Structures are given as C-alpha cells and as structure tokens.
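Inspection log for the structure reproduced underneath, given as structure tokens.
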Amino acid sequence: MIGAVDIGGTKVAVGIVDDNGKVLARAETPTDQDHYSNGLEGIVRMLRETATQAGAAISGIGIGSTGPVDPIRGEFGNVDFLPGWRGKNLVRDLEQSFAVRVALENDGDAAALAEAGWGAGRNRARLIYVTIGTGIGGGIIFDGKLYRGVDGAHPEIGHHVLDPSGPPCSCGFSGCWESLAAGPAMVAWIEDSAPVEYPHREGITAKRICELARQGDELAMQAVEHEAYYLGLGLANLISMFTPDAIVLSGSVMKSAPLFMDRIREVIRGGCKFVPAEKTELMLASLGEDTNLIGAARVWHYRFG
C-alpha cells in the first residue's frame, strides 16, 4: 500500500493506493502556501489517518507536486504560489517520519506515469500526457521511461510558441500554447470579442462557455472553434516532434471534449505530412478525479517498484 501525496496551489490531497491503482482512502486540506512546517504536519497526519481508514501499513510514499521540483534531491524549486516551500525537502522529511522510501515528481509527470501504467495509455511505449485547464502541462513517456531534461528538468510543453504576436505569458514569451489554448484563453477571447450587450459576459468562465456552445450560442461556438484550432496546432506540433503512440488528454477543458475533438483532428490532418500522424491515437484520460493521487502512487512504483 502506497501513501500518495498530491500538492497543489490551493489544496493538498493524500490517499492510500493499492497495487492496482485503486484509491482506498483519501483526505485533503487547504495548502498553507507560506508555512511548510504546517504543510508537513498536515501531510503526516493525513497519511496516518488514511492508512488507519484503509487498514493498511504504508509500504512507501509517492508525491506529485505542482511547479518546479527536483525529483532527484527531493526538493521544491521556485514555486511562485508556494513561497514557504521553496528549497524544502519533503522526501527526506517523510522518510524520517515513516521509515519508508519516498519519491517526488512534478504532478504532470506523475499523471503521465499513472495513465501509462494504470490508465488509458497502458501498453503504449511512447506516450504524451497533456492536461488542459487553467494552464497546459503534461509529461512524456519514451520507451516506458519518464523523459527528463537536463539536470532532471520537467519539459514545459505548454510554453512552446504558436504565435509570437499572441498574448503575453508569464513564461517570458507571447503566444505560447498555454496563453492561446488554456481555459483562461477562452475567457479572454470572449471578453475581447463579445459586444458590450452580450448577456453572458459578466463572470464568464471556460466551463460556462462550453455550456453555452452546447446550447447553440453563436459567440460561444466561435470561442470553442478558436480553442479547438489552437489545441489542434499544439498537438500537431507534439506529433511532428515526437511521433508518439498516443496522446492522453485530461484537465477541466477536456471535460467538454466532444466540443473540440473533431476540429482538433481536422487541424492535425491538415499538417503533419511528414510523420504517420494517423497512427498517433488521441484518447481521453481514464482515471477520473483521483488521477493526481493515483499518479503520486505511481511515482513510487516507477522509482522503486
């Protein structure tokens, strides 16, 4: 039984996951962004509570965390929204508390490992996991191995540039994939394009845009077309560069996947002429709301199992 820890900017979730990727018990608490010691105390407490609920002894602990992390040393990097966690070593601290081996990865890499091991991407040797929500991130599996960049760095697939004249992004460029195709980009498009009298402008969200598009709202349908086009371009770039067996799509935007998938496939077919793009399967993630917890457990299996 693996203790799984999923660390996000707003909440920390903890669970106990068995060898088949099933979550047996879970708990969560708001993230204390400024005080690591409080976060550590809460994680230790929830791990013990969920282990008791599951009637299990913890064999190891896997961690998936948002933001830059050092998976080799087990430290948090310069995570903007976790200022009190920077430079802290959760791997070492949990090893001392539980006397088991602990492994840490970026949450996108953790989810990629989960879908490759227990989910939609099972038995695909070359897989790219893409999550599309507030931002765009993911992980890359090559020949069954998690791809790491120089110094163990996590590739930021959401920040390759599609249109240099596009909206600016915190990454330093303008027109990167995330700035054009993440959920907030849909909202920004509506805010820029909708007439003043548009009745749904106030408090519009990506989720609401998708609901309106399904109801036949013309402007929302145009926003969906814009979104699908740029999603397709980004995925076409990944196919041209990596020619994977499969791309697994996840995230809040993909909860409305039927609105986007036909146009995404059309965009991909319009290019990628020099690679067998038709052999790259586009599929939706299959592990549901517990993907990140399952991914955290998979991190341990990948490293030590």
Is there any pair linking a residue in region 1-20 that is of a type in the set (S, T, N, Q) to one that is not in a strand (DSSP E or B), with Cβ under 9 Å and at least six apart or on different chains, and which? Thr10/Thr31; Thr10/Gln33; Thr10/Phe81; Asn20/Trp118
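Could you say which residue among Val161, Val150 is β-branched (Val, Ile, Thr) and at pLDDT below 95?
Selected residue: Val150, the only one of Val161, Val150 that is β-branched (Val, Ile, Thr) and at pLDDT below 95.
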Can you list residue pairs whose Cβ atoms sit under 6 Å apart, with the first residue in region 213-231 being more than 22 Å from Gly271 (Cα to Cα) and the second being hydrophobic (A, V, I, L, M, F, W, C) and not in a helix (DSSP H, G or I)? Count only pairs 6 or more apart in sequence or on different chains. Leu219/Ala194
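For region 244-285, give me the residue count where each residue is of a type in the set (S, T, N, Q) and farther than 24 Å from Val187 by Cα. Walk me through how you get there before you give the answer.
First pass over region 244-285, keeping only residues of a type in the set (S, T, N, Q): 250, 252, 256, 280.
Subsequent filtering for residues that are farther than 24 Å from Val187 by Cα retains 280.
Final tally of qualifying residues: 1.
Is there a residue being farther than 21 Å from Arg303 by Cα, open to solvent by less than 20 Å² (accessible area, probe 1.4 Å) and assigned to a strand (DSSP E or B) anywhere in region 17-26? Let's see the steps before the verdict.
Of region 17-26, the ones farther than 21 Å from Arg303 by Cα are 24-26.
Still in the list and also open to solvent by less than 20 Å² (accessible area, probe 1.4 Å): 25.
Imposing the further condition that a residue be assigned to a strand (DSSP E or B) reduces the set to 25.
Yes, that holds for at least one residue.
Being free of Cβ contacts under 8 Å to residues at least 12 places away in the same chain, open to solvent by less than 30 Å² (accessible area, probe 1.4 Å) and not β-branched (Val, Ile, Thr) is the requirement here; does Gly42 meet it? I'd like the intermediate steps shown before the answer.
Details: free of Cβ contacts under 8 Å to residues at least 12 places away in the same chain: no; open to solvent by less than 30 Å² (accessible area, probe 1.4 Å): yes; not β-branched (Val, Ile, Thr): yes.
No, not satisfied.
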Which of (1) within 28 Å of Ile141 (Cα to Cα); (2) in a strand (DSSP E or B) does Ile58 not meet, given it meets every other one? (2)
Leading residue by the ranking (surrounded by the most Cβ atoms within 10 Å (Cβ to Cβ)) among those in region 102-150 that are free of Cβ contacts under 8 Å to residues at least 40 places away in the same chain and part of a loop (DSSP other than H, G, I, E, B): Tyr147
Could you grab me the full set of residues in region 268-285 that are open to solvent by 70 Å² or more (accessible area, probe 1.4 Å) and either of a type in the set (Phe, Trp, Tyr) or within 18 Å of Asp6 (Cβ to Cβ) (or both)? Phe274
Filtered residue count, region 58-76, keeping only those that are out of contact with any helix residue (DSSP H, G or I) (no Cβ under 7 Å at 6 or more places or on another chain) and either buried (at least 17 other Cβ atoms within 10 Å of the Cβ) or at pLDDT 95 or above (or both): 4
Pairs returned, first residue in region 64-93 that is assigned to a strand (DSSP E or B) and among the β-branched types (Val, Ile, Thr), second residue that is open to solvent by less than 20 Å² (accessible area, probe 1.4 Å) and at pLDDT 90 or above, beta-carbon separation under 6 angstrom, 6 or more apart or interchain, are Val69/Phe76; Val69/Leu104; Val69/Asn106
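The values are calculated or read from the model by the stated rules, or taken from the named source; none is laboratory data. Please read these numbers as outputs of a predicted model, since none were measured by experiment. A quick note on method: Cβ atoms are made from the backbone with ideal geometry, for glycine too, and the neighbour counts reach across all protein chains shown. SASA here: full protein model, heavy atoms, side chains in, ligands and nucleic acids out. Shrake-Rupley method; radii C 1.70, N 1.55, O 1.52, S 1.80 Å.
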